[in-house]
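Enquirer: Below are the structure tokens for one structure; questions will follow.
The values are calculated or read from the model by the stated rules, or taken from the named source; none is laboratory data. It should be emphasised that the depicted structure is a prediction, and the values quoted were computed from it without experimental measurement. Heads up, the Cβs are rebuilt from the backbone with ideal geometry, glycines too, and the neighbour counts pull from every protein chain shown.
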Amino acid sequence: MEIKLMGLKGIPLVKAGDNIAEIIRDAIKTQNYDLRDGDIILIAETLISKAEGNIIKLDEINPSEKAIEVAGICKKDPKLVEAIIQNSNEIVEVGPNFIVTETKHGFVCANAAIDESNVEDGLATPVPENPDKSAKEIREFLENEFKKDLAVIVTDTQGRAFRVGAIGTAIGCSGINPLWVRIGEKDLYGRELETTEIATADELASAASLIMGQADEGLPVVIVSGFNAFNQLRDKDSNIKPLLRPKEFDVFRK
């Protein structure tokens, strides 16, 4: 098996109102990329948030007493802390230079996944309001344009419990089930798998992140070709929810 990853060149700095699907279409045509059935297009969430006008202007925020209190613990700007609180269902833990929250989408991550990189000073981008919806709209547009069966995954960079460093993580998807349930299959010794579930969308997002980078690479869209489980996981009604662990099963929040 061989999987290929290609960073899509020619993606400009986007602004509110830009059509991401059209931008990706034009970049694919300009790059003369031969889009194939089963290709998976991974898109950095900042690109979508900016195009959808989902931008936080930190200078316009008045921090609450709670934000000022939390900022004193984590040593962050109280205005940023207020933005984190406003974009969260709850604060899970506060530590030095981080606030772990559950976002309004149900993601448990640092700082409500609000990003201050790759935007102008004084601005920040929260997670897109509905990453699954955005992924679906882009997928359907590109499938109609290229007449191919595709999947779209919206990615973010997040940390992990008990591990240092951030990796690419899927926060929205369309066209492919993000979770590969392999329970009932056999291993090399013929034993039946009892609990094996693979976070396929996260693995694809992490692989794409190696090309997207975190600095000035300028490659917010990556195309993955050759993933042999695409047909098995094909699902036009998919969303990211299968990857979210219900709170009642989260032993670290009990």
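Enquirer: Check region 19-26 and report whether any residue there is closer than 19 Å to V222 by Cβ, touching a Leu at 6+ places or on another chain (Cβ under 7 Å) and among the basic types (K, R).
Expert: Scanning region 19-26, I find at least one residue that is closer than 19 Å to V222 by Cβ, touching a Leu at 6+ places or on another chain (Cβ under 7 Å) and among the basic types (K, R), so the answer is yes.
Enquirer: Still on this model: Just for region 102-136: of the residues that are free of Cβ contacts under 8 Å to residues at least 40 places away in the same chain and part of a helix (DSSP H, G or I), which one is farthest from P242 (Cα to Cα)?
Expert: This residue is N111.
Enquirer: In region 74-92, what residues are in contact with a strand residue (DSSP E or B) (Cβ under 9 Å, 6 or more places away or on another chain) and exposed (fewer than 13 other Cβ atoms within 10 Å of the Cβ)?
Expert: Selection gives E90 alone.
Enquirer: Any chance you could count how many residues in region 59-73 are buried (at least 18 other Cβ atoms within 10 Å of the Cβ) and either in contact with a strand residue (DSSP E or B) (Cβ under 8 Å, 6 or more places away or on another chain) or among the acidic types (D, E) (or both)?
Expert: Total meeting the criteria: 1.
Enquirer: Quick check on this structure: which one of I24, I11 is in a loop (DSSP other than H, G, I, E, B), in contact with a helix residue (DSSP H, G or I) (Cβ under 8 Å, 6 or more places away or on another chain) and in contact (Cβ under 8 Å) with a residue 60 or more places away in the chain?
Expert: I11
Enquirer: Next up: Inspect region 188-196 for any residue being buried (at least 17 other Cβ atoms within 10 Å of the Cβ) and either not small (G, A, S) or not in a strand (DSSP E or B) (or both) and give the result as yes or no.
Expert: No - not one qualifying residue is present in region 188-196.
Enquirer: Additional query: Can you confirm whether region 86-93 contains a residue that is of a type in the set (D, E) and over 21 Å from M212 (Cβ atoms)?
Expert: Within region 86-93 (the criterion being of a type in the set (D, E) and over 21 Å from M212 (Cβ atoms)), the answer is yes, since at least one residue qualifies.
Enquirer: Check off (1) out of contact with any strand residue (DSSP E or B) (no Cβ under 7 Å at 6 or more places or on another chain); (2) in the same structural domain as F162 (by TED's automatic domain parsing) for I48 and give me the number that stays unchecked.
Expert: Only one criterion is unmet by I48, namely (1).
Enquirer: Still on this structure, please answer the following. Restricting the search to region 57-76, which residues are out of contact with any helix residue (DSSP H, G or I) (no Cβ under 7 Å at 6 or more places or on another chain) and either closer than 18 Å to D121 by Cβ or in a loop (DSSP other than H, G, I, E, B) (or both)?
Expert: Those that are out of contact with any helix residue (DSSP H, G or I) (no Cβ under 7 Å at 6 or more places or on another chain) and either closer than 18 Å to D121 by Cβ or in a loop (DSSP other than H, G, I, E, B) (or both): K57, D59, E60, N62, K75, K76.
Enquirer: Before we move on, is A170 closer than 30 Å to I20 by Cα and either out of contact with any Leu (no Cβ under 7 Å at 6 or more places or on another chain) or of a type outside the set (D, E) (or both)?
Expert: yes
Enquirer: With the requirement that a residue be surrounded by fewer than 16 Cβ atoms within 10 Å (Cβ to Cβ) and among the charged types (D, E, K, R), what does region 146-187 give you?
Expert: Of everything in region 146-187, those that are surrounded by fewer than 16 Cβ atoms within 10 Å (Cβ to Cβ) and among the charged types (D, E, K, R) turn out to be K147, K148, R160, R163, R182, E185, K186, D187.
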